[in-house]
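The values are calculated or read from the model by the stated rules, or taken from the named source; none is laboratory data. Just so you know, these numbers come straight off a predicted model, no measurement behind them. Here Cβ is always computed from backbone atoms with ideal geometry, including for glycine, and neighbour counts include all displayed protein chains.
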Amino acid sequence: MDVRAHVSVIFHLDKCIGCHTCSVACKNIWTDRPGAEYMWWNNVETKPGTGFPTRWEDQDRFNGGWKWNGKNKLEPRCQTRADSFLKLFYNPNQPNLDDYYEPFTYKYEDLFNAPQGDVQPTAIPISLITGEPMEIKAGPNWDDDLSGTPLYAENDLNLDALSEEERNMLFEVERLTMFYLPRICNHCANPTCVAACPSGAIYKRGEDGIVLINQEKCRGWRACVAACPYKKIYYNWKTGKSEKCVLCFPRLETGQAPACFHSCVGRIRYMGVMLYDADRIPDAMKVPDRALVESQRSAFLDPNDPAVIAGARANGISEEFIESAQKSPAYKYIMEWKLALPLHIEYRTMPMLFYVPPLLPVMGKTDNGTYTHDAKNFFTCLENSRLPIKYLASLFSAGNVEVVEAVMRKLMAVRHYKRWQSVRDMDENEVHKILREAKTTPEEVERIYQMTAIPTQYQRYVLPPLQREEAVESTCSPEACKGCSGFSLEPTFSPRA
Amino acid sequence: MIDLFLYIGLPYIAIIVAIIGCYRRAKYSKYSMTTRSSQFLEDKQLLWGSTPWHIGVIVVLLGHLIAFLLPQVWAAIVSVPWAVFVIETVGVAASILALAGLGTLIYRRVTSARIQAVTTTADLLVVALLFAQIVLGVLSATHFRYGASWSTGTVVPYLWSLLTLQPDMTYVTGFPMLFKLHLIGAWLFILLLPFTRLMHILAVPFQYIWRRPQIVIWNTARRRQQAVAATVAADSRREFLKGAVGVTGATGLLAIGVSNKALNYFKGAAADPEAESALLEKKLRRLELTAEERKYELERQRSSMILVAPYKDLDPLKGKYFIDYKMAPGLAFRGKDGLPVVISAKCTHLGCTVSSTLDENGRVMCPCHVSFFNIFTGQPEGGPAKDPLRKIDWALVDPTGKALITGVAGNKPEGTATPEELAACSLFITKPAPAAV
């Protein structure tokens, strides 16, 4: 048993209001540089929808993630060691600018410099790459709130899991439904990007599991862009280096939550330490699709188990770290309550970002134009839900419907219990029956309610004390170097030279 | 003068600048080391540009490199006529492939607005030069056929003369202009290497073939130390395993040898009469040799005198080696007074044979542990030896067999002889008196 600590993340999708504040906070700190304008280390997608870059889930085209041969071999789907060399010249799996969007700004000075005339001056859009006037054809959240329109949402790959009938029902205007899916780098425990990098520039920090790209070792071969199934590595076309979410490690190292967490309006984000057994990686991912969620859970360790604590100490994990693992909201959501699920675990990267699937679009039901939910037909709610469970299973459990249903039942049980507690419009026995069928207890429901609805900031973010990164990035303040390319380094200068 | 610069000055400048420049860029400006790929901005034409270009140019460059680095191998290959034909064909085909790819890349670079946004002056310079260089190369190859063959006697020795710091440009000064331009172009590329995107040639990620899939880096000192300790432990485990395998292997071999002997002992010797007789033959030969040696030794012991050398062969500075009655080496010199100096040559320290040459102080040296001995007294003069060299009794005998002068250790020589008589004498050593033994 090789006990390691990992800073893990929970996004509670029922709480996300789709305001994109997280994306903007991230953009202002990290990606407002030349070459990085098109990057959204944090983005919020509307589901059903095609996402950013468009149809990033289409692994038949992008070949991201791992390929399991059904036995003992797990290799990057995009390349073998030998053919990676041929792909240096041209990588057939790499998305291009048009799969994202051409970054643009507006010619604001025209508003001020236009001569006096009969018509209002306009600020025309210009490309941030060529500087030429352009027609805006796409953006980072181009299909925002457009679920149900045939133009975008129909192309969502997760709809392939549904039958024709279900699809038609989903897209009936009356039954139109959607939810938001905020995405950052998953900081996977078994990352394909690290394995695919020819230069060996991408690495996982041992202490907290944050995946970083050493900008001095990156040579721009772009294999990582293809290998990451979540398309969360972006190629900076100006500096010739790849960049990705750094989980705001400079903020973490000063005890602050990452910018997207800190700015989250819906308070959907939780952060905490998970202890896991590194010896189980990557073997935990060598199981059939439907067993993947459970297999990933089996790699996590109980931070209160004396054997695990001893193993953690032996591995140099500090007492403070172990303590934050014991208080971790992530451990509660993932392991205690089993409410949080990984996104597209079938890519077999062991993502360390977990989502509590949304209940609202599932539970709500329209009846003659009115929104109802009927406690008596509790389980038929699931079957007649607006958003088919199969769709959620395609996103969060590699198609295993039972896993998602168990989560849904528990989430519903919490609602019913709290409604009964405050409104008293239901029969007590019926509520307790619901709790039993959802395999939960009033005590657990209270704890889930507390952590979901009224947690303090310090309950949502249980940050471990981190050592300051001893890399070049920490010696150069990103604030002071804004506007330079890359991580605040001039292309031809090194801070040490 | 201009030739001197182009074929000797320029190459050395280019190589020195390239080495220093590449080193500095790789060490102090790592951030600038990148392929600067533009596939992200435009990927349709790139497929038909970059792939043929890179494959073509790598084939051509490897051909050039092999011819230069392994001239003997290359010469052996091109001595076969059809091999030259194949090489020439492949070379020209690869060049044309590269040229087509490069043409596509240049077209793409000048027509795409997105690509122009990432194009620098250096990029344009490099592609223009590359295009010219390959055109020159193809023209040289087609106008002056069989370059694979004639270059082994011209360009290759020229390059090696540069490399061995004995530059000789006469190999190439007589070449046609077309080829000279191609050669100068090559030096220009080496010169430009550290200052342009060409530098990415040095970044080919060969380590990807063997590196482990996942990379974890620890930053905290405590954990790093532990990681080091774990590696050391793993290493020592590995060493232990290696040692164990080695010991087991050695024991196994030993066991096989011993058990074979033991088996033979109980089973009796091999029943192969031929091998047996060969073995006996060998034993006999050895016995015969030993007997001969002993016989020779006994003969010496029996005779009262042993010949060392004719008197005229003795030298005052260079001693004459002989074997004395004790079957030990001895040395004989001609002394200052014309009389022989005869002394044991067996060092009294550990028994090595001392050297036969006198130094200016009249000493000989034992080469084993640098002991010095005075040959006139036999006394050690420096070095680890403590005891003197033994003096040996001698006699000068004329051709009639009469001993004219005899010298016994510890006494003055007795007898006289004229120089003419001496010249005819021979030096013998005499059997020491039984009391002295």
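Miscellaneous remarks
- Residues that are facing chain B (nearest Cβ under 7 Å) and of a type in the set (Asp, Glu) were ranked within the range A:204-221; the one that is farthest from B:Ser37 (Cα to Cα) is A:Glu207.
- The range A:105-133: number of residues that are within 15 Å of A:Trp237 (Cα to Cα) and either part of a strand (DSSP E or B) or among the acidic types (Asp, Glu) (or both): 1
- Within the range A:94-131, if we keep just the residues that are within 12 Å of another protein chain (Cβ to nearest Cβ) and in contact with a helix residue (DSSP H, G or I) (Cβ under 6 Å, 6 or more places away or on another chain), the residue that is farthest from A:Arg61 (Cα to Cα) turns out to be A:Thr130.
- Residues that are facing chain B (nearest Cβ under 8 Å) and within 27 Å of the chain's Cα centre (by Cα) within the range A:77-91 comprise just one, A:Asn91.
- Test set (1) surrounded by 20 or more Cβ atoms within 10 Å (Cβ to Cβ); (2) under 30 Å from A:Pro357 (Cα atoms); (3) among the acidic types (Asp, Glu) - A:Glu102 fails condition number: (2)
- Some residue of the range A:168-187 being modelled with pLDDT of 95 or more, surrounded by 24 or more Cβ atoms within 10 Å (Cβ to Cβ) and within 14 Å of chain B (Cβ to nearest Cβ): yes
- Matching residues in the range B:28-47 - criterion: being assigned to a helix (DSSP H, G or I) and at the interface with chain A (Cβ under 9 Å from one of its Cβ atoms): B:Tyr28, B:Lys30, B:Tyr31, B:Ser32, B:Lys44, B:Leu46, B:Leu47
- Residue list for the range B:403-433, filter: surrounded by fewer than 16 Cβ atoms within 10 Å (Cβ to Cβ) and under 17 Å from B:Ile306 (Cβ atoms): B:Ala409, B:Ala433
- Residues that are closer than 18 Å to A:Arg348 by Cβ and assigned to a loop (DSSP other than H, G, I, E, B), drawn from the range A:266-301: A:Ile281, A:Pro282, A:Lys286, A:Val287, A:Pro288
- Top-ranked residue of the range A:253-270 - restricted to ones that are closer than 27 Å to A:Gly65 by Cβ and either crowded, with 23+ Cβ neighbours inside 10 Å or polar (S, T, N, Q) (or both), ranked as farthest from the chain's Cα centre (by Cα): A:Pro258
- Residue match in the range B:46-54 (condition: exposed (fewer than 14 other Cβ atoms within 10 Å of the Cβ) and modelled with pLDDT of 90 or more): no
- Residues located in the range A:17-35, provided they are buried (at least 23 other Cβ atoms within 10 Å of the Cβ) and in a loop (DSSP other than H, G, I, E, B): A:Gly35
- A:Leu151 without any contact (Cβ under 8 Å) to a residue 60 or more places away in the chain and outside any strand (DSSP E or B): yes
- For first residues located in the range B:98-124 and assigned by TED's automatic domain parsing to the domain that holds B:Ile58 and without any contact (Cβ under 8 Å) to a residue 24 or more places away in the chain, partners that are of a type in the set (D, E, K, R) and surrounded by 13 or more Cβ atoms within 10 Å (Cβ to Cβ) and lie 6+ apart or on another chain with Cβ distances below 7 Å form the pairs B:Thr119/B:Arg109.
- Considering (1) outside any loop (DSSP other than H, G, I, E, B); (2) under 17 Å from A:Leu353 (Cβ atoms); (3) in contact with a strand residue (DSSP E or B) (Cβ under 9 Å, 6 or more places away or on another chain), the lone condition that A:Ile309 does not fulfil carries the number (2).
- Flag if B:Gly56 is within 37 Å of the chain's Cα centre (by Cα), assigned to a helix (DSSP H, G or I), more than 9 Å from chain A (Cβ to nearest Cβ) and of a type in the set (Gly, Ala, Ser): no
- Set side by side, the residues B:Ala14, B:Ala98 differ, and just one is under 25 Å from A:Leu86 (Cα atoms) and out of contact with any strand residue (DSSP E or B) (no Cβ under 8 Å at 6 or more places or on another chain), which is B:Ala98.
- Selection count where residues are in contact with a helix residue (DSSP H, G or I) (Cβ under 6 Å, 6 or more places away or on another chain) and free of Cβ contacts under 8 Å to residues at least 60 places away in the same chain, scope the range A:214-234: 3
- Residues of the range B:357-392 that turn out to be of a type in the set (Ser, Thr, Tyr) and either in contact with a strand residue (DSSP E or B) (Cβ under 8 Å, 6 or more places away or on another chain) or over 19 Å from B:Leu339 (Cα atoms) (or both), as a count: 2
- A:Ile233 touching a Ser or Thr at 6+ places or on another chain (Cβ under 6 Å) and more than 7 Å from chain B (Cβ to nearest Cβ): yes
- Residue match in the range A:126-133 (condition: under 28 Å from the mean Cα position of the chain (by Cα) and small (Gly, Ala, Ser)): no
- In the set B:Val110, B:Val92, B:Val84, only one residue is at pLDDT below 95, in a helix (DSSP H, G or I) and exposed (fewer than 14 other Cβ atoms within 10 Å of the Cβ); that residue is B:Val110.
- Residues that are within 14 Å of chain B (Cβ to nearest Cβ) and of a type in the set (A, V, I, L, M, F, W, C) were ranked within the range A:248-270; the one that is farthest from A:Ser328 (Cα to Cα) is A:Phe249.
- Selection count where residues are in contact with a Phe, Trp or Tyr (Cβ under 7 Å, 6 or more places away or on another chain), of a type in the set (Lys, Arg) and not in a helix (DSSP H, G or I), scope the range A:412-462: 0
- Residue within the range B:385-396 that is surrounded by 16 or more Cβ atoms within 10 Å (Cβ to Cβ) and free of Cβ contacts under 8 Å to residues at least 24 places away in the same chain present: no
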